[in-house]
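Student: Structure provided below as structure tokens; questions to follow.
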Amino acid sequence: MEMVTKFDLKELRTVPNMLSVLRIILIVPFVIFFLNKNYIAAAAMIILSGISDALDGFIARRFNQITEIGKMLDPLADKLTLIAIMICILILFPIVMPVVIVLILKDLVMMIGATHLLKKDIKPPAAKWYGKLSTIMFYFSVSLIVFLKAVYDYENPILSLVLLGATAAMMIFSLIKYFMIFKELNGSEKE
């Protein structure tokens, strides 16, 4: 069992952690652009957020800048971005409500599980490939939906439902895999 260590605020100064903070900051202009129907600027914010998400993990591993605070900050930025984008997409395409509910429930369950582990001084697992693939699928789907609306003024609720449905399926798969890890970590604490 790996015990949780205290966070060092100096860890925020690493490039990967600053990129995670940038992703959180980018939520505000994304929402403002989206709600003002400036879809090109909104899509640019999503793309920039997605690029910074990919870069932070790569830089952290490549330059040995993996930090405890980064392990929490990266998924927090993912969750906050996801929630903001899904609410905005829901405003544009109300038909995707069931998919939005699945995505939000999945993230809430994961946050509750991580909180439970932290209360027991067990470090939650770092992001796995299936979690990252879910995030990539999410950014791709949302970018395509916003791009089509922004550039071609094309709205297709069925296409949106298919794209977000495939993303939701991958996220459910990720949730199951993370739940198995959670169950193992929670069980190892009792030993």
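Student: Of (1) more than 20 Å from His116 (Cα to Cα); (2) in a helix (DSSP H, G or I), Glu155 satisfies all except one. Which?
Tutor: The single condition Glu155 does not satisfy is (2).
Student: Here is a follow-up. Check region 124-138 and report whether any residue there is surrounded by 15 or more Cβ atoms within 10 Å (Cβ to Cβ), touching a residue at least 40 places away in the same chain (Cβ under 8 Å), more than 16 Å from the chain's Cα centre (by Cα) and part of a helix (DSSP H, G or I).
Tutor: Scanning region 124-138 turns up no residue that is surrounded by 15 or more Cβ atoms within 10 Å (Cβ to Cβ), touching a residue at least 40 places away in the same chain (Cβ under 8 Å), more than 16 Å from the chain's Cα centre (by Cα) and part of a helix (DSSP H, G or I).
Student: Answer yes or no: is there a residue in region 174-181 that is farther than 16 Å from Lys79 by Cα, open to solvent by less than 80 Å² (accessible area, probe 1.4 Å) and either in contact (Cβ under 8 Å) with a residue 60 or more places away in the chain or of a type outside the set (Val, Ile, Thr) (or both).
Tutor: yes
Student: Of the residues Leu117, Leu148, only one is among the hydrophobic types (A, V, I, L, M, F, W, C), surrounded by 14 or more Cβ atoms within 10 Å (Cβ to Cβ) and farther than 19 Å from Ile46 by Cα; which?
Tutor: Answer to the selection: Leu117.
Student: Output the residue which, of all residues in region 17-59 that are over 30 Å from Tyr152 (Cα atoms) and at pLDDT 90 or above, is nearest to the chain's Cα centre (by Cα).
Tutor: The selected residue is Ser20.
Student: List pairs: first in region 23-40 and over 15 Å from Lys149 (Cβ atoms), second buried (at least 18 other Cβ atoms within 10 Å of the Cβ) and among the acidic types (Asp, Glu), Cβ under 9 Å, 6+ apart or cross-chain?
Tutor: Between residues of region 23-40 that are over 15 Å from Lys149 (Cβ atoms) and residues that are buried (at least 18 other Cβ atoms within 10 Å of the Cβ) and among the acidic types (Asp, Glu), the close pairs are Arg23/Asp53; Arg23/Asp56; Arg23/Asp74; Arg23/Asp78.
Student: Now for a separate question. So which of Lys177, Lys149 is charged (D, E, K, R) and under 15 Å from Val109 (Cβ atoms)?
Tutor: Result of the check over Lys177, Lys149: Lys177.
Student: Can you tell me which residue in region 44-56 is nearest to Leu92 (Cα to Cα), limited to those that are open to solvent by 10 Å² or more (accessible area, probe 1.4 Å) and among the small types (Gly, Ala, Ser)?
Tutor: Ala44
Student: Here is a further query. Identify the residue in region 114-157 that is touching a helix residue (DSSP H, G or I) at 6+ places or on another chain (Cβ under 8 Å) and among the polar types (S, T, N, Q) and, among all such residues, is nearest to Ile176 (Cα to Cα).
Tutor: Checked region 114-157; the qualifying residue nearest to Ile176 (Cα to Cα) is Ser134.
The values are calculated or read from the model by the stated rules, or taken from the named source; none is laboratory data. Quick caveat: nothing in here was measured; it's all calculated off a predicted structure. Ideal geometry is used to build each Cβ from the backbone, glycine not excepted, and the neighbour counts take in all protein chains shown. The accessibility values were calculated without ligands, DNA or RNA, using every heavy atom of the protein model including side chains. Shrake-Rupley method; radii C 1.70, N 1.55, O 1.52, S 1.80 Å.
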